[in-house]
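Read the structure below first, then the notes.
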Amino acid sequence: MAEDKPPTAPSATVERLLENAIFASRWLLAPFYLGLALSIVVVLIKFIAEFFHLAVHAFTATESDVILGILALVDLTLMGSLLIIVIFSGYENFVSKIDHTGHKDWPEWMGTIDFSALKLKLLSSIVAISAVHLLKSFMALKTITPEMERSLFWLVVIHLVFVVSSVLLALSDRISGKHSEK
């Protein structure tokens, strides 16, 4: 015996259509993630240029110059890693799950990072990039002028803001996690 479904109200149909349109709008983010993926190519080009510059001058450069060159490579590597984290986690959190069943070398963390963990990883990467930049600035010092002193002061302040923000975000996530367990 077939059940008769009650007729749906026009407002329910409009609501369902609106919700479907809003849900489908998440795909508007896909080109952003594709653009970020392509920007890794730009980071790679810069990495190759920095590496080539470092290799060409390896025998004539000072130890400090070599360290600065390596720090530039580390900085670019961290930027590339940050982009990967944002691309995969953002896409999976906001657009669609990625089917990775056919990939034997799929990293375990991919697909398991929620938005809260993404924020923490993002801030951690920013802190690391800021620390490398700060270290490069200190290593590049030859003489200290008042302008350079002021510039270094602000670099330290900005780095500390990143560090404190990361710690506060981690603490707030931990506190909110304890409340949700109860």
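The values are calculated or read from the model by the stated rules, or taken from the named source; none is laboratory data. Please read these numbers as outputs of a predicted model, since none were measured by experiment. Virtual Cβ from ideal backbone geometry, glycine too; neighbours counted across all protein chains shown. In case anyone asks, the SASA skips ligands and DNA or RNA and just uses the protein heavy atoms, side chains included. Shrake-Rupley method; radii C 1.70, N 1.55, O 1.52, S 1.80 Å.
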Spans of helices (runs of 4 or more DSSP H) in the stretch 1-102 with at least 2 residues among the small types (Gly, Ala, Ser) and closer than 30 Å to SER130 by Cα: 30-56, 63-94
Cβ-Cβ under 7 Å pairs, at least 6 apart or on other chains, the stretch 112-132 side within 15 Å of GLY177 (Cβ to Cβ) and of a type in the set (S, T, N, Q), far side open to solvent by 40 Å² or more (accessible area, probe 1.4 Å) and modelled with pLDDT under 80: none
In the stretch 40-71, the residues that are exposed (fewer than 13 other Cβ atoms within 10 Å of the Cβ) and of a type in the set (A, V, I, L, M, F, W, C): VAL41, VAL42, LEU44, ILE45, ILE48, ALA49, PHE52, ALA55, VAL56, ALA58, PHE59
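Quick grid of which residues meet (1) over 20 Å from ILE158 (Cβ atoms); (2) at pLDDT 75 or above; (3) crowded, with 16+ Cβ neighbours inside 10 Å:
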{"site": "LYS97", "(1), (2), (3)": "yes, yes, no"}
{"site": "THR101", "(1), (2), (3)": "yes, no, no"}
{"site": "TRP109", "(1), (2), (3)": "yes, no, no"}
{"site": "ILE113", "(1), (2), (3)": "yes, no, yes"}
{"site": "SER125", "(1), (2), (3)": "no, yes, yes"}
{"site": "VAL132", "(1), (2), (3)": "no, yes, yes"}
{"site": "PHE138", "(1), (2), (3)": "no, yes, no"}
{"site": "LYS142", "(1), (2), (3)": "yes, no, no"}
{"site": "GLU147", "(1), (2), (3)": "no, yes, no"}
Near pairs, Cβ below 6 angstrom, 6+ apart or cross-chain, from the stretch 21-42 (in contact (Cβ under 8 Å) with a residue 40 or more places away in the chain) to any residue that is outside any helix (DSSP H, G or I) and open to solvent by less than 60 Å² (accessible area, probe 1.4 Å): ARG26/VAL95; LEU29/VAL95; ALA30/VAL95
Selection from the stretch 1-19 of residues that are open to solvent by less than 90 Å² (accessible area, probe 1.4 Å) and at pLDDT 85 or above: THR13
